[in-house]
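Notes to accompany the following structure.
Read-outs: derived from the displayed coordinates by stated rules, not from any lab. Treat the numbers as computed from the prediction; the structure is a model and nothing was measured. Glycine gets a Cβ as well: all are built from the backbone with ideal geometry, and neighbour counts include every protein chain shown.
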Amino acid sequence: MPDDSDASGIRAGLGFDVHPFVRDDAVGRPLFLGGIRFDGEPCLAGHSDGDAVCHAVADAVLGAVGAGDVGEHFPDTDPSVRGIGGTVLLAATVAIARERGWRPVWCDVTVLAERPPIAPRREEMRAALAIPLGVTADSVSVKATRPEGLGLAGDGVGCLALVTVARVARVAPA
């Protein structure tokens, strides 16, 4: 049920996620960032697929609508979400937002990582994130920065995400 106390009809949420690279091949899955597979790179640790980009965006969506965080909805103690894909998780959080009367309209992502290079895959990531968000790729911004050896994400990938949501238009009863 939409909250009528927010007269603007616009909200924003901030999300952050970070996952370390897996140092051995025990996990045996590829690296996914923003729903895109990066071959030849070590995967990220995590109960799910470790997609730090999708997880940060999902947390931003949930934050914008006051619905908690990814850990509440997809706890790492739940075997049913083991290995869940980042875009599947993101689509599920967008469904939660819609149930509360909100829809994403804009997403801004900053990936913090020494590797893999993001720029060559930026447009693919924008398109892949747009699908579960229910927006066009023009409504998704993906940027990246390297921590320059400061250790901020040298052994993994971090991501900051900002998502803006708008109130879903109400249909007048017939």
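Data overview
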| quantity | calculated |
| --- | --- |
| DSSP beta bridge pairing in the chain, given as percent antiparallel to the nearest 5 | 80 percent |
| J(HN,Hα) series, the stretch 128-142, from Karplus relation 6.51 cos²θ - 1.76 cosθ + 1.60, nearest Hz, glycine and proline x | 5, 6, 4, 4, x, 6, x, 10, 7, 4, 5, 9, 10, 10, 10 |
| Fluctuation leader among Pro120, Pro20, Pro42 - the chain, Gaussian network, Cα springs under 10 angstrom | Pro120 |
| Environment charge at Phe32 (Cβ cut-off 12 Å; Lys +1, Arg +1, Asp -1, Glu -1) | -2 |
| Most mobile of Arg98, Arg23, Arg115 in a GNM of the chain (Cα contacts under 10 Å) | Arg23 |
| Total formal charge among the other residues, if their Cβ is under 9 angstrom from that of Gly134, Lys/Arg +1 and Asp/Glu -1 | +2 |
| Cα radius of gyration and Dmax for the stretch 20-86 (Å) | 12.4, 38 |
| HN-Hα J in Hz across the stretch 14-21 - Karplus 6.51, -1.76, 1.60, θ = phi - 60°, x for Gly and Pro | 10, x, 9, 8, 8, 9, x, 5 |
| For the chain, calculated [θ]222 nm from helices alone, where every DSSP H run of n ≥ 4 adds -39500 (n - 2.57) | -7500 deg cm²/dmol |
| Quotient of C-alpha Rg and 2.2 N^0.38 Å, computed over the chain | 1.04 |
| Mean Cα-pair separation over length for the chain, i.e. relative contact order, pairs under 8 Å, 6 or more apart, % | 32 percent |
